[in-house]
1. Using θ = phi - 60° and the Karplus relation 6.51 cos²θ - 1.76 cosθ + 1.60, list the HN-Hα couplings for region 12-26 in order, rounded to whole Hz, with x at every Gly or Pro.
2. Which aspartates and glutamates have a Cα lying under 15 Å from the Cα of K242, excluding residues fewer than 8 positions away in the same chain?
3. Order H162, H179 by their accessible area, 1.4 angstrom probe, all chains in place, largest first.
4. If you take all C-alpha pairs in region 210-357, what percent of them are over 18 Å apart?
5. For the chain, which whole percent of the accessible surface, found with a 1.4 angstrom probe, sits on carbon and sulfur atoms?
6. What order, most packed first, do the peptides 33-44, 272-283 have when packing is the mean number of other Cβ atoms within 10 Å of each residue?
7. Using every alpha carbon pair in region 271-332, what percent of pairs falls into each 10 Å bin from 0 up to the bin containing the largest distance?
8. L78 accessible area, nearest 10 Å², 1.4 Å probe?
Amino acid sequence: MRVGFLTSGGDCQALNATMRGVAKSLYKMYDDMEIIGFEDGYRGLIYADYRILKPSDFSGILTKGGTILGTSRQPYKLMRVPDENGLDKVEAMKNTYRKLKLECLVILGGNGSQKTANLLSKEGLNIISLPKTIDNDLYGTDLTFGFHSALEIATNAIDCIHTTAASHGRVFIIEIMGHKVGWLPLYAGMAGGADIILIPEIPYDIDVVIRALKERTREGKSFSIIAVAEGAISQEDASLSKNELKKKKETGMQYPSVAYEIGAKITERTGQEVRVTVPGHMQRGGEPCAYDRVFSTRLGAAAAELIREKKYGYMVCWKNYETQYVPLAEIANKLKTVDPNSLIVKQAKMVGISFGDE
């Protein structure tokens, strides 16, 4: 019995914990189990860069962040494009899989990785995938591993900023990861007591943001905390077409990121001192939190169960606080976004958090 593992896309804290859950379960199920680890994601599968993993490789990694296999980004849109030497990547992956006589391939990854997992499933390979991303934006699952660990770090960043913001009476902007969706800044902003939260799904009006800051000043509050998603967008930019927005960014980008742009406009309009903090890749790093360790172990065991039952072409998911599974074909090419009219957003507004939209 031979099973392949690979981790693809951006790293996160609980990749090792999840692989450990799969491996330990498989070793208990089969006496003749052999696990092949592909180096650096799909690249390892394409170029047959792999190593045979031993049970000892999965010891001591429950608390270890990153991935023991390494990872890389292999854009889905380029999977059908030959490499610089003319190699057909899809055929190469299939050939590696068949040459190694794998029973199945376990893929741990986010949206792009799930698209390729579905592609390989359609090409006839036995695939089981697991939902990895700190953004929590995978369709078909209530939760992804890595989210809670990143949330702890992002929230801690806001907590730390609170004391210096209060001491100096400044406006602080903390830019939280979230290019297309705002789950992480939404949760971190609420957990950290942010006064304003700006996310991609709710385009902001800078006038509304300014108004919220001035209201806090009138209330005698000397500082404000703004949690901004890296993909936050103004209502003005949201009204542009993709081509128009791309052209605007290429020709008129004056700031390193949206947080700096918002900060400059606040200073210009109010005269308030603004500081920007960008935790960046810290949010992906460090050890997995306790929640993710338990969560990942359960996901891994559920994946092993699917392998034993030979149920392939599925992603293990989390629904109603239990492990389930969903067909890859149903979740590929879809994003789970924050609904602007959702209960969590309404409740955040009830306690006085502004989203810059009204």
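The values are calculated or read from the model by the stated rules, or taken from the named source; none is laboratory data. All of these numbers come straight from a predicted model, not from anything done at the bench. Here the Cβ positions follow ideal geometry from the backbone for every residue, glycine too, while neighbour counts run over all protein chains shown. Heads up: the accessible areas ignore ligands, DNA and RNA and are worked out on the full protein's heavy atoms, side chains in. Shrake-Rupley method; radii C 1.70, N 1.55, O 1.52, S 1.80 Å.
1. Computed from phi, the couplings for region 12-26 are 7, 6, 10, 4, 5, 4, 6, 4, 4, x, 5, 5, 4, 5, 5 Hz.
2. Excluding near neighbours in sequence, the set is E250.
3. The ranking, largest first, comes out as H179, H162.
4. Pairs farther apart than 18 Å: 75 percent.
5. 49 percent
6. Those peptides, ordered most packed to least, come out 33-44, 272-283.
7. The percentages, shortest bin first, are 18, 32, 25, 13, 8, 4, 0.
8. Answer for L78: close to 80 Å² accessible.
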